[in-house]
Amino acid sequence: MGLVCVQADWRSSPTSHGPQVCEADFDQQDAEVVCRELGCGAPSVLQRALYGEVEAPMWTKEFQCGGNESALLDCRSSGSTRNTCSPGKAVGLTCSEPVRLVGGHSRCAGTMEVKQGGWRPVDGFRWTLKDAAVVCRDLDCGSAVSVERAKESSIRHMWRIKSDCLQSGSALKDCVRPWLTSSIFNLTCSGQQGADVTNTDGH
């Protein structure tokens, strides 16, 4: 969680902050790009920085990201400039853990993958609903409904998540280690997105 600052040509010292971004000039697509650039999961909280602001100038243009860019400075920006931004209006952003569910009927169901350098499936050995509940909560997908283990046709590099580490309250990224296995699992959370099922019969 933190303020969104732009580090472009402000390199006078390694600890210097670039200009802060005004709340009015930043939206969900911009947030998705920032979280991706940081190697984190999807944005979970986007709000004005109620927890304080650093001493820094304001970024004067509105970002116009499409949501698929790899870095904030790759996005287009408005031609007009903003001269002022009211106190307390700098944008604050919280990104979720670098975890996702893929291949399901919604973002709240599917094969669990974690990003540590690159996206890989998670070893399904000994996963419980208690462990899965932590992931569903991080994804803002409600509670865990089911954990279904499956086998792939061959062994490959995946991630194993240490259950005791996860249950201790540590960040998911701190509980991951490399693993060779063919075991994966599909997780279904109770989030509203889980109801968005398309009828493939066309009725």
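If we sort 129-141, 172-184 on the protection proxy, mean other Cβ atoms within 10 Å, highest first, what's the order? Please report the intermediate quantities before stating the final value.
Details: 129-141: 18.6, 172-184: 16.3.
The densest-packed peptide leads the list: 129-141, 172-184.
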TODO: Note the per residue figure in Å³ for the convex hull of the C-alpha positions in region 99-195.
DONE: 86
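Checking the table Lys89/Lys130; Lys115/Lys151; Lys151/Lys173; Lys130/Lys151 against a 29 Å threshold on Cα-Cα, which pairs fail? Provide the component values of the computation, followed by the final result.
Details: Lys89/Lys130 39 Å; Lys115/Lys151 20 Å; Lys151/Lys173 24 Å; Lys130/Lys151 22 Å.
With Cα atoms farther than 29 Å apart: Lys89/Lys130.
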- [ ] Name the residues whose placed amide hydrogens come within less than 5 Å of the amide hydrogen of Ala90, ignoring near sequence neighbours (fewer than 5 apart) on the same chain.
- [x] Glu23, Ala49
Open item on the list: Just want the ordering: Thr111, Thr94, from fewest to most Cβ atoms lying within 10 Å of their own Cβ.
Closed with: Thr94, Thr111
- [ ] Taking amide H positions as placed in the peptide plane 1.01 Å from N, state which residues far from Val145 in sequence (5 or more) or on other chains have amide H under 5 Å from it.
- [x] Thr188, Cys189, Ser190
Open item on the list: Over the Cα atoms of region 137-190, what radius of gyration and what Dmax do you get, in Å?
Closed with: 12.7, 34
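Could you tally the net charge around Cys35, taking each other residue with its Cβ under 15 Å from the Cβ of Cys35, Lys/Arg +1 and Asp/Glu -1?
On the way: positive: Arg36, Arg100, Arg107, Lys115, Lys173; negative: Asp27, Asp30, Glu32, Glu37, Glu69, Asp74, Glu97, Asp138, Asp140.
Within the 15 Å Cβ shell, the charges total -4.
Each reported figure results from applying straightforward, stated rules to the coordinates on display, with no laboratory input. Please read these numbers as outputs of a predicted model, since none were measured by experiment. Reconstructed Cβ throughout: ideal geometry from the backbone, glycine too, with neighbour counts over all protein chains shown.
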